[in-house]
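Please read the structure below before turning to the comments.
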Amino acid sequence: MRAVSLFVVSLGTDHHPFERLVSWSEAWVQQFSDWQLVVQHGYTRPPAVGTGFDFCGREQLDELFERAQVVACHGGPGTITQAKRYGHTPIVVPRDPAKGEHVDDHQQLFSRRLGGSGVVALAESFDAFLAAVVAASFLPRQREGLDDVVPPGVFAVGKVVEDLVTQRRAPRIVVQ
């Protein structure tokens, strides 16, 4: 009997649905019975196979990333950074505003930059996603520090952009 491999998927906390990544992950796991799927799905429906939960604390996601053989996620800098801390080259599927998955293309731009430098496995199509899962299944994790891989400023700028886009602030009223 083969050991079960853990495939962890994190969609983050954005309120836009991200059905595409859940469906792609389900398709992978349905092909291979020796994979267990765990999805942090946020406001998107839970997976039809495997285990799903809407939100969790950082510690729970840390534990899952530590145990996972493969990690896939949206293009949020916080999730990418967290996966990298556990030695993963995360499979990043950036949310697409044309599909109603986000308000603008900042995740696509950020993820393409990281994908182009090899920090993440960028998967903007189903075929690219499948290829990235296969590759991640066989590659050992690299536990080097994040500063050795990406200058800290890249993640800092990405985090600022993510925070600005996702914050819901009341309009400022200026009285003169």
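A short reminder: the numbers here are calculations on the coordinates, not readings from a lab. Since the model is a prediction, treat every value here as computed from it, not as a measurement. Every residue, glycine among them, receives a Cβ derived from its backbone with ideal geometry; neighbour counts consider all protein chains shown.
The figures follow:
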read-out: Cα-centre dipole for the range 5-166 with unit charges at Cβ (Lys and Arg positive, Asp and Glu negative), debye to 20; value: 180 debye
read-out: Per-residue Cβ neighbour rank within 10 angstrom, fewest leading, 101, 26; value: 26, 101
read-out: Stretchable slack from residue 27 to residue 130, in nm (0.36 nm times residue separation minus alpha-carbon distance); value: 36.1 nm
read-out: Reduced Cα scattering model of the range 1-72, Debye log10 I(q)/I(0), q = 0.17, 0.25 Å⁻¹; value: -0.57, -1.16
read-out: Scaled radius of gyration (Cα, divided by 2.2 N^0.38 Å) that the range 5-166 gives; value: 0.94
read-out: Cα-Cα pairs of the range 48-101 separated by more than 12 Å (percent); value: 69 percent
read-out: Positive dipole terminus of the range 5-166, leading residue within 29, 98, 135 (C-beta point charges); value: 135
read-out: Filtered trypsin sites (Lys or Arg not before Pro), the range 1-109: DSSP coil and at most 15 other beta carbons within 10 Å; value: 2
read-out: Full-stretch length increase - residue 137, residue 13 - with 0.36 nm per residue and alpha-carbon distance subtracted; value: 42.0 nm
